[in-house]
Amino acid sequence: MSAAAAPSLAEELPLIDANGIERTFRMGDEDVRVLNGVSFSVQRGEYVALIGPSGSGKSTLMYQIGCLDTPTAGQLTLAGYDTATLDDAELAALRNQVIGFVFQTFNLLSRTSVVDNVALPLRYAGVGLKERRARAREALSRVSLSHREDYSPERLSGGERQRVAIARAIVTRPALLLCDEPTGNLDQRVGKEIFALFEELNSELGATLVIVTHDMTLAKRARRVIELVDGVIVNDATPAGRA
Amino acid sequence: MFEHLRSALQSLTSNKTRAGLTMLGVIIGVLAVVLLVSVGDGARVYLDSTLSSIGTNLLFVTPGRRETRGGFSHPQSGSAKPLTMDDVHALERQTHLLTSVCPIVEGGGAVRYGGRTRDTMVAGVGESFGVLRSMTINIGTHISSEDVDARRRVAVLGRTVVRELFGNENPLGKAIRVANGRFRVIGVLEPKGSTFGADMDDLVLIPATSAEDLFGQEFLTSILTAVRSREDAAPAMEEIEQTLARRRHGERTFTVMSQDDLMNVFGSLTSAMTLALLAIASVSLIVGGIGIMNIMFVSVRERTREIGLRRALGATRGDVLLQFLVESLVLSSTGGLIGLAIGVVVIAGVNRYFPDVPLRLSAWIAAVAFGAAFVVGVVSGVVPARRAARLDPVEALRYE
Ligand SMILES: Nc1ncnc2c1ncn2[C@@H]1O[C@H](COP(=O)(O)OP(=O)(O)O)[C@@H](O)[C@H]1O
Ligand SMILES: [Mg+2]
């Protein structure tokens, strides 16, 4: 991705600007429209919860925003880039530099140590091995897991694994964290801790949060809640009692 | 690239058994290439050295016309006018480049002394035979030109014949029977050992003229001559051609071959054999490659989610492609190196404990074998790696 292409007003533009996003899957000889014209924008530093019933298209929407999938129709501008104009390598660089993913199933490489798991995105950023390790350690200390650096992820608890995944998501210092049901595999107490960690990253690093969750009590902690039903946004509001 | 190498090693060492079994195919393939081709190459070198050991800068004249290049064909019979002692004398008188001219009459028969008999090769030769074929006398004397001219019944014995007929007795001056003739032993040859598995000491030399008498013929089997240097060979062959053709009214009913011609004929035979062996060995290497491809497909399927994750973290399609390609390359080249190492050890062992087996490992064989393993790695890795690179990241992440 060339720096020259970066709009100079990037800081003032919305980080995410989705306009009429549609995503249709071909199932046999039938078209299934999973996203049906989704429009919203998110500013830098926002804290957004994405809720909705199972199958409503939340994950699909996250994949569109995360540039892992291409909308069938609509326009998506991410950090100032019109994603439709980017090629495979540029999209990969965008995912690497601008976005940090956190998944429900953690997706850690089990045969790789904790610190090397965290360092992995830096490899695709072209960072040298030594600096990778140093920055991975720094990210691990952010999630209070410095003492687990050389562990195999298999020896960690669910909450610890998700914290490793979060360290991996923030290691390239991305502007946006896309978290798809990050507490779905964790019990409620640990889920709360994970949310507290996200909030800390939001306030201290200014990371923009978009978190999919089923848990309404957790969703209410966000400053903005977007509700998706059958591929359309039915509600986009700031919960009562919050600024 | 280095990064890909690192992660390939990591991924392979995490499943050592599988990596080992996969490499086994390549190991066996490379070993087969190295051993079989070394057999062929060893045979070539052995032939070369054997051919040069019979003498240097030799020229061979045989009756009948045949093509010297492009392999063997039978001499055209019928039109063949035999070579005679007169041809030998003509060559001696009318050529300038030949160091010596030696008539050869080959035959065989029972050689007897006392109560003992041995069937052996009997060669009628001229006085220069010993020099030309580097056969030196151990005791006594060689056959002389007087022996040839006077058609004397004298014999020089090879060491094996001496041992079989005389045991520890001194054979010099003793009378032996060769076929139906009585011959007096005048010398014993220095032992030569064996070439092509044939005992070179199992022979009796007699004057070529006496051999004609003995076998009841007035022609020679061949004429052996030599030149001073390799450069003289071609003009000398021309001299021979002209001298002999003149005596035949221009008809070339004979063939002149240089030692180089002979080596070329054998050389083309052994390279054909080496190539055939290489082809056979390649089959096992291809089987090894199929093994790698198989495992790479399995690996891509097993690591589908990992591929999706890497894409999410910023890997391009090219990164994924390289990752799997390098993995396949590491498998094949490691297998290739191990196969090569085993081959080197086996060949060193054979050379040491069975020095008679002509097995020779040369650098080009090692290079070809390793290069082939490398190519196998690329070829068998590229299809699975492309499949991995083409995976849709979302589908890969959702893969159970
Ligand atoms: N690759 C696909 N092909 C066909 N249908 C899909 C595909 N991905 C998702 N879907 C369908 O789209 C709908 C929304 O899926 P998803 O975005 O995962 O929902 P959520 O995350 O809100 O539970 C589901 O009905 C799902 O079956
Ligand atoms: Mg989902």
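The values are calculated or read from the model by the stated rules, or taken from the named source; none is laboratory data. Everything numeric here is computed off the predicted structure, so don't read it as measured data. Note: ideal-geometry Cβ built from the backbone for every residue, glycine included; neighbour counts use all protein chains shown.
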Worksheet item: What about residue B:397, is it within 14 Å of chain A (Cβ to nearest Cβ), in contact (Cβ under 8 Å) with a residue 24 or more places away in the chain and of a type outside the set (Gly, Ala, Ser)?
Response: yes
Worksheet item: Condition test on residue A:149, is it in contact with a Ser or Thr (Cβ under 9 Å, 6 or more places away or on another chain), within 14 Å of chain B (Cβ to nearest Cβ) and surrounded by fewer than 20 Cβ atoms within 10 Å (Cβ to Cβ)?
Response: no
Worksheet item: Taking the condition in contact (Cβ under 8 Å) with a residue 40 or more places away in the chain and surrounded by 14 or more Cβ atoms within 10 Å (Cβ to Cβ), does residue B:158 pass?
Response: yes
Worksheet item: Only one residue in A:46, A:90, A:22 is among the acidic types (Asp, Glu), more than 19 Å from residue A:237 (Cβ to Cβ) and more than 16 Å from ligand 1 (Cβ to nearest atom). Which one?
Response: A:90
Worksheet entry | Residues satisfying the stated conditions in the stretch A:178-225, i.e. within 16 Å of ligand 1 (Cβ to nearest atom), part of a helix (DSSP H, G or I) and among the small types (Gly, Ala, Ser) | A:219
Item to complete: Look through the stretch A:49-85, keep the residues that are more than 14 Å from chain B (Cβ to nearest Cβ), more than 8 Å from ligand 1 (Cβ to nearest atom) and surrounded by fewer than 16 Cβ atoms within 10 Å (Cβ to Cβ), and return whichever of them is farthest from residue A:37 (Cα to Cα).
Response: A:85
Discussion item. Just the residues that are under 30 Å from residue B:303 (Cβ atoms) and among the β-branched types (Val, Ile, Thr), please, taken from the stretch B:348-393.
Written reply: B:375, B:376, B:378, B:379, B:382, B:383
Fill in: Given (1) among the aromatic types (Phe, Trp, Tyr); (2) surrounded by fewer than 23 Cβ atoms within 10 Å (Cβ to Cβ); (3) within 16 Å of ligand 1 (Cβ to nearest atom), index of the condition residue A:103 fails
(2)
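Conditions tested, residue by residue: (1) assigned to a loop (DSSP other than H, G, I, E, B); (2) within 16 Å of ligand 2 (Cβ to nearest atom); (3) assigned by TED's automatic domain parsing to the domain that holds residue B:270; (4) modelled with pLDDT under 95.
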{"residue": "B:358", "(1), (2), (3), (4)": "yes, no, yes, yes"}
{"residue": "B:364", "(1), (2), (3), (4)": "no, no, yes, yes"}
{"residue": "B:371", "(1), (2), (3), (4)": "no, no, yes, yes"}
{"residue": "B:386", "(1), (2), (3), (4)": "no, no, yes, no"}
Worksheet item: Would a scan of the stretch A:180-194 turn up a residue that is within 13 Å of chain B (Cβ to nearest Cβ), among the small types (Gly, Ala, Ser) and under 25 Å from residue A:69 (Cα atoms)?
Response: no
Worksheet item: Looking at the stretch B:4-46, which of its residues are within 14 Å of chain A (Cβ to nearest Cβ) and of a type outside the set (Ser, Thr, Tyr)?
Response: B:4, B:5, B:6, B:8, B:9, B:10, B:12, B:15, B:16, B:18, B:19
Discussion item. Condition first: within 22 Å of residue A:53 (Cβ to Cβ), within 17 Å of the chain's Cα centre (by Cα) and of a type outside the set (Val, Ile, Thr). Now tell me which residues in the stretch A:186-220 satisfy that.
Written reply: A:191, A:195, A:209, A:214, A:218, A:219
Item to complete: Within the stretch A:127-144, count every residue that is assigned to a loop (DSSP other than H, G, I, E, B) and of a type in the set (D, E, K, R).
Response: 0
Discussion item. Residue B:344 - would you say it is modelled with pLDDT of 95 or more and of a type in the set (Val, Ile, Thr)?
Written reply: no
Worksheet item: With respect to residue B:67, is the statement that it is more than 14 Å from chain A (Cβ to nearest Cβ) and either under 30 Å from residue B:303 (Cβ atoms) or at pLDDT 90 or above (or both) true?
Response: no
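Provide a single number: the residues in the stretch A:166-189 that are within 16 Å of ligand 2 (Cβ to nearest atom) and surrounded by 23 or more Cβ atoms within 10 Å (Cβ to Cβ).
Number of matching residues: 4.
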Worksheet, complete the sentence: Of the residues in the stretch B:311-346, those that are over 30 Å from the mean Cα position of the chain (by Cα), more than 14 Å from chain A (Cβ to nearest Cβ) and of a type in the set (S, T, N, Q) come to B:328, B:332, B:334
